[in-house]
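Values in this text are rule-based calculations from the coordinates and carry no lab data. Model, not experiment: these values are computed from the prediction. Here Cβ is always computed from backbone atoms with ideal geometry, including for glycine, and neighbour counts include all displayed protein chains.
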Amino acid sequence: MSYQTYLEEASKLIGKSNNMSGISAEAVARMRLQNRFRTGLDIAKYTAKIMRADMAAYDLDHAKYTQSLGCWHGFIAQQKVISIKKHFGTTDRRYLYLSGWMVAALRSEFGPLPDQSMHEKTSVPALVEELYTFLRQADARELGMLFRDIDAARNAGDEVKERQLLDKVNNYQTHVIPIIADIDAGFGNAEATYLLAKKMIEAGACALQIENQVSDEKQCGHQDGKVTVPHEDFVAKIRACRYAFLELGVDDGIIVARTDSLGAGLTKQIAFSAKEGDIGDLYNSYLDCDDVTGQTPSNGDVLITRGGRTLRPKRLPSNLYQFREGTGADRCVLDCINAINNGADLLWIETEKPHVEQIASMMDKIRDVIPTAKLVYNNSPSFNWTLNFRQQVFDAWQKEGKDVSAYDRAKLMSVDYDESELAKEADERIRTFQADASMRAGIFHHLITLPTYHTAALSTDNLAKEYFGSQGMLGYVANVQRQEIRQGIACVKHQNMSGSDIGDDHKEYFAGEAALKAGGIHNTMGQFAA
C-alpha cells in the first residue's frame, strides 16, 4: 500500500475511536510502514514467491543466477543487505544463507563445535528469527531517515522534494530477502525433521536445505567419514519438510535436497527392496559385495541376491557397509533424480573441488531425465581456490601441448607465481566461475557458506596486530574508522545503526514536546554528519 493509503486508514481508525487522543495518524502510518512484516510466516510467504519467480527466470535465461553469503549473526546479515542496496541499488537475485557449520562453530551454548549436528537444534530457527529481526530493523531505520527528510522538506516548504521523497517511500525495496536455511540431516527421524522445519518456517525460512547423511553420523560435507541413508529414508524427510510448509500455509516453500554421495563411501543400512530394479535395489547395487553363491552362510552374515547370485555386502567393524570405489558420481545422479521425483525443488551436490566440468558431467545426466533440474552450489572456503584453479590451468595447458616447464604443479600456491600468465588465467576463471557454471552446469544459486567467519577472523587479526603493536590508536583510526567514513559505511554512525534515532522518533510520538531525546547537539554522532 502507498504512504497515503496507510495514512488514510490510520486517520479513519483514530477518528472512529473515543480513546485515542494524542495519537497521530501520520505516526501510526509510518510505524506500520516500518513494520511491513508482522510475523515470520509473512516473511516466508513473501520470500518464497521471490525465489519461485527467480527460479522461473533462470529457466528462461541461465545468466540470471542468484547468489548469497552465509550469515551467523543478524548484524552480519543486516550489513550485507545494506551494502547490496548501497552498491547495486537493488536486492534482486540476492539471498541469505544460514550455514549449519557456522551455527555449530559460533552459536552453540556448548562452545565451538564441529559440523556434526551436535549443537542445539533450536539455535537454528532462533538464528533465522534473529537475521530477519535485524533486516526488519534496517527497514525501520532507512524509512525513518526518509520520514525525517519528508518533515524537513515540509518545514522548508519544498513540495517538489516532499513528493520525491514520498515516491521513494512508496517504491521502497525492503531489506527482507529470501534465506536458504540449513536443517542438516533433520536432527533425528522424519518427525523430528518436521517439527524443526515448522520452527524454521515460522521464523521466516522460505527454503530448507536437507542432506542425505545419517543424522547421528552427520559430518561436514568436506570431511571424511560421511554415511548416507537409503533413498526412502531421505524421501520421508523431504516429505516431512513439505508437510511443514503446507500446514503453515507456505504453499510454494522450497526444498533443497543435498546429496553427499560423491564423498560418502559408507551406508548405515541396506535398503529395502521388493523387486530387482526398484529404488532400494538400485541403492544396493552400488554396495561392495563378495559373491558367495553356493556357500554356506556364516553366523551374522547379511546377504542379498541379484541376477540369481548371492552376494555378501562388505561390513566394517563399525557395522557400516561400504560402497564400491568410483561409484560416487553415479550415486549422486540417482540421488538427485529420485529427490526431484519425490518433492525436492532444487538440488545440491557437495563436491571436493570447484570444477565446472565435474559438476556439469553429473548435471547433464540428471537433466537428460529432468530438463529443469537446478543446482544450489557451495562455493566453499574449504576449497583452496587459488591452488585448484592454477592446477586446472596447468593441466589444461599441458593437455594442449603448451610449455609448462616454468611451473611446479605441486607448488602453484606460491606467491612467486602471482604475476605469472598462469596465475592471471586462473584468477580470470575464478572470477567467471559462477557465470560459467550457471550457464554450463545448471547452477541456479551460488553461495559461500562461511565467508563472514573468515572475514571476521582476518579483519580482527589485522586490527590486533596494528592496535597492540607500534601503531596504537592509529591502527584503528587509519584502517577502520577513516575507511568507514571515506567509503560511506553506514555503521560508522553506530548509534543510528543500533536504533537510537528510531527510539527518538518513538519518544516524540509517545511524549510529544516532553520527549528526552538522545539525538541532540551533544550527541557525538554529529561529528560524522559529513
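For region 313-329, no residue has its backbone nitrogen under 15 Å from a point 7 Å from the Cα of Thr296, taken along Cα to Cβ.
Each peptide among 489-499, 179-189, 151-161 gets the average number of other Cβ atoms lying within 10 Å of its residues, and from highest to lowest they stand as 179-189, 489-499, 151-161. The orientation-averaged shadow of the Cα convex hull for region 308-438, equal to a quarter of the hull surface, comes to 12.7 nm². Bridges between two residues of the chain, per DSSP, are antiparallel at a rate of about 25%. Annotation: average projected area of the chain is 33.7 square nanometres, based on the convex hull of Cα atoms across all directions. Helix 421-431 and the longest principal axis of the Cα set of the chain meet at an angle near 70°. Most simply put, region 247-371 has about 70% antiparallel DSSP beta bridges, counting only bridges with both residues inside it. Computing FRET efficiency as 1/(1 + (r/R0)^6) for Arg239 and Ile370, where r is the C-beta to C-beta distance and R0 is 22 Å, gives about 0.75. In this rough spin-label picture, where each label sits 7 Å from Cα along the Cβ direction, the Asn171-Ser470 distance is 5.4 nm.
With a Förster radius of 41 Å applied to the C-beta separation of Lys507 and Leu458, the computed FRET efficiency comes to 0.55. Protection proxy ranking, highest mean first, for peptides 454-460, 375-381, 341-347, 392-398: 375-381, 341-347, 392-398, 454-460, where packing is the per-residue count of other beta-carbon atoms within 10 Å, averaged.
Between helix 328-341 and the chain there is an angle of about 60 degrees, using the helix long axis and the longest principal axis of the Cα atoms.
Rounded to the nearest Hz, the phi-derived 3J(HN,Hα) couplings of region 293-300 under the Karplus curve 6.51 cos²θ - 1.76 cosθ + 1.60 (θ = phi - 60°) are 4, x, 8, 7, x, 8, 4, x, where x marks glycine and proline.
Residues of region 193-207 with an amide N closer than 19 Å to a point placed 7 Å from the Cα of Asp42 along the Cα-to-Cβ direction: 200-207.
Over the chain, DSSP H runs of length four or greater, each weighted -39,500 (n - 2.57), average out per residue to a 222 nm ellipticity of -15000 deg cm²/dmol. At the listed q of 0.15, 0.17, 0.22, 0.23 Å⁻¹, the Debye profile of region 170-278, built from one uniform point per Cα, gives log10 I(q)/I(0) equal to -0.67, -0.81, -1.14, -1.20. Helix 231-247: angle to the longest alpha-carbon principal axis of the chain, degrees 0 to 90, nearest 10? On a 0 to 90 degree scale, this one is about 20. Report the Stokes-Einstein translational diffusion coefficient (µm² s⁻¹, integer) for region 110-154, Rh taken as the Kirkwood radius over Cα pairs, at 25 °C with viscosity 0.890 mPa s. Translational diffusion coefficient: 182 µm²/s.
Restricting to Cα pairs below 8 Å that are 6+ residues apart, what does the relative contact order work out to for region 320-404? Please round to a whole percent.
29
Between Thr133 and Glu8, how high is the FRET efficiency from 1/(1 + (r/R0)^6) when r is the Cβ-Cβ distance and R₀ = 35 Å? Nearest 0.05. So the FRET efficiency works out to roughly 0.75.
Working from Cα pairs under 8 Å separated by at least six residues, relative contact order for the chain is 15 percent.
Under a 5 Å amide H to amide H cut-off, with H placed in plane at 1.01 Å, what residues pair with Ile179 once short-range neighbours are removed? Result for Ile179 returns Leu96, Cys206, Ala207.
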